[in-house]
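Shown next, in structure tokens, is the structure this report addresses.
The values are calculated or read from the model by the stated rules, or taken from the named source; none is laboratory data. These numbers come from a predicted model, not from an experiment. Don't worry about glycine lacking a Cβ; one is built from the backbone with ideal geometry, like all the others, and counts go over all protein chains shown. We work out accessible area using only protein heavy atoms, side chains counted, and drop any ligands, DNA or RNA first. Shrake-Rupley method; radii C 1.70, N 1.55, O 1.52, S 1.80 Å.
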Amino acid sequence: MELYGYPLKAKFNQPRPPPPKVLPATNTMTTSYKNRIPYHPESFSMPWMPNSYYKAAALNPTLSPLTESFPGLPPTKIVPFISERPNGVFSRHSLDDWHRSNMTNYKESETTRHNAERLRADLTRTIKDVYQQAKRTQGESTKNLGERVNDIEYWKSELCIELDAMIRETNSLMDMQKRLERALADTEGPFQVAHKCLLNREKRMGIDLVNDDVEKQLITEIKTIRSCRERLQQCLDTVNCQLMCNKEARQELEKDLADKQMGHHIDSKCYQLKNTSRGIHYYKGVERVDATVSVPETWARFTDNNIFRSQSARATSAKLRASTESLLMGTADEMWRHTVNDAFTSRITETANAKSKIQTHLAKTRQEIFQIETKIQVIQKTIRDKEVQLKVAQTRLDERTRRPNVELCRDAAQIRLVQEVNEINETLRNLHQCLRASEDMLQMLVRSKGVLEHDLVVKNNSLFIDQERCMGMRKSYPSTVQILGYV
């Protein structure tokens with residue numbers, strides 16, 4: 001096999017055909033040189049090579065004078081273009097020219113090969129440097145991506161811990177909110193009961209309509225319950241505001257955590273990409289696109305601020321829960337510290353004792369009225385009997401006045417009858433006085449009986465109001481455990 005074509009661009013092909021035995025004519029060779037098609041490297045399926053490979057070795061053979069092809073030769077040695085052979089056949093170059101041309105081609109070939117070898121060495125070193133630099137650059141990028149993934153994992157863990165703590169704190173605060181709402185609702189019943197107790201006690205009658213200790217305790221209890229309700233409502237409003245702050249902080253944490261998860265997924269995917277990975281493509285001009293919105297300092301500060309905000313909200317929420325717990329216990333203690341029920345019990349006992357005494361006096365008064373009425377009847381019978389006796393004595397005296405003459409004697413019978421009539425009259429006067437006194441006493445006893453009966457009705461009404469209505473309603477008071485919200 002032989003090489004043919006231009007230097008440095010040789011191509012193995014079929015053997016060169018043998019030269020013809022008879023050289024073609026001059027005009028024929030010139031025409032063949034003129035019609036020669038230049039070499040185009042693009043027309044062959046060969047690897048890409050720079051133009052410097054073949055520019056120095058390219059030859060354009062022409063029929064120009066040798067002085068143009070070889071400017072270094074002296075003009076005296078140029079072979080004259082004179083045909084000395086018959087039939088127009090002549091030699092263009094001498095043997096020295098031929099040897100000189102070969103030597104020039106050899107030297108040029110050696111120079112070109114030397115440059116090619118040096119270029120190959122440079123290319124080998126350059127390719128090695130390129131591979132090393134690419135490996136080092138890609139390794140640094142992979143290392144930075146790994147550090148970035150570790151940073152994201154660290155902040156993700158911090159966000160998860162803080163988010164769990166915030167969720168627990170928010171749930172605890174929501175439980176406290178429910179307890180506050182239940183406690184506030186539980187105070188409505190006692191407040192209405194205290195008002196109804198005051199209204200019911202206004203229905204007492206007579207002397208029992210007094211401003212006693214029960215009424216004072218009820219008024220104080222109403223003021224205390226109203227104050228407790230106001231404080232509970234204020235605390236509930238504060239808890240609601242804190243819940244909103246907690247929810248906002250939680251939303252920021254969740255949003256930041258979602259962004260971190262997405263960024264972690266993307267950076268992990270980038271960290272795992274290799275030269276042999278699938279899905280790698282050219283994205284022309286992507287290095288000129290700067291879509292970043294933060295730097296590592298602001299990126300870390302953003303998450304740190306979110307965590308700090310959540311921690312501050314949690315601390316405030318914990319303090320609020322503690323103060324709310326104290327408020328619930330304090331309000332329960334204040335509401336149950338008032339001895340309204342004890343005052344009611346004492347007043348009911350006092351009223352019951354008064355009622356019992358009234359009943360005793362009323363029974364005695366009724367017994368006395370019965371006895372007085374019996375005595376009055378006895379006196380009346382005695383008066384009637386004395387009047388009959390007086391009639392007898394006066395009838396005797398009247399009949400004795402009809403004695404004739406000397407028979408009208410002031411004898412012992414006459415004297416005794418006169419004494420008897422006087423004695424009976426005195427007795428009748430005393431009996432009438434006793435009767436009037438008894439009747440007056442009976443009227444006084446009847447009036448006392450009416451007073452006692454009315455007072456007994458009043459006491460019964462007061463007992464019914466205090467014991468049945470007021471205490472019956474107050475039995476529906478929620479217990480301290482219910483007010484504290486533990487049930």
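Here are the numbers:
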item	result
Residue that is least open to solvent (accessible area, probe 1.4 Å) [pool: residues in segment 185-200 that are under 29 Å from L452 (Cα atoms) and aliphatic (A, V, I, L, M)]	L198
Whichever residue in segment 298-338 is at pLDDT 90 or above and of a type in the set (V, I, T) and, among such residues, is nearest to the chain's Cα centre (by Cα)	T316
Within segment 201-223, tally of residues that are farther than 12 Å from A343 by Cβ and either open to solvent by 20 Å² or more (accessible area, probe 1.4 Å) or charged (D, E, K, R) (or both)	11
Residues that are open to solvent by 40 Å² or more (accessible area, probe 1.4 Å) and either among the β-branched types (V, I, T) or closer than 24 Å to R321 by Cβ (or both), drawn from segment 224-234	S227, R229, E230, R231, Q233, Q234
Hey, I376 modelled with pLDDT of 90 or more, assigned to a helix (DSSP H, G or I), out of contact with any His (no Cβ under 9 Å at 6 or more places or on another chain) and open to solvent by less than 60 Å² (accessible area, probe 1.4 Å) or not	yes
Residues of segment 310-347 classified as touching a helix residue (DSSP H, G or I) at 6+ places or on another chain (Cβ under 7 Å), open to solvent by 20 Å² or more (accessible area, probe 1.4 Å) and closer than 29 Å to R201 by Cβ, total	6
Single residue of segment 181-211 satisfying the filter (among the hydrophobic types (A, V, I, L, M, F, W, C) and either without any contact (Cβ under 8 Å) to a residue 24 or more places away in the chain or assigned by the TED database to the domain that holds G472 (or both)) that is nearest to R321 (Cα to Cα)	A185
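Yes or no, residue by residue, for (1) farther than 30 Å from D455 by Cα; (2) assigned to a helix (DSSP H, G or I); (3) free of Cβ contacts under 8 Å to residues at least 12 places away in the same chain:
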| residue | (1), (2), (3) |
| --- | --- |
| A363 | no, yes, yes |
| E368 | no, yes, no |
| Q389 | yes, yes, no |
| R396 | yes, yes, no |
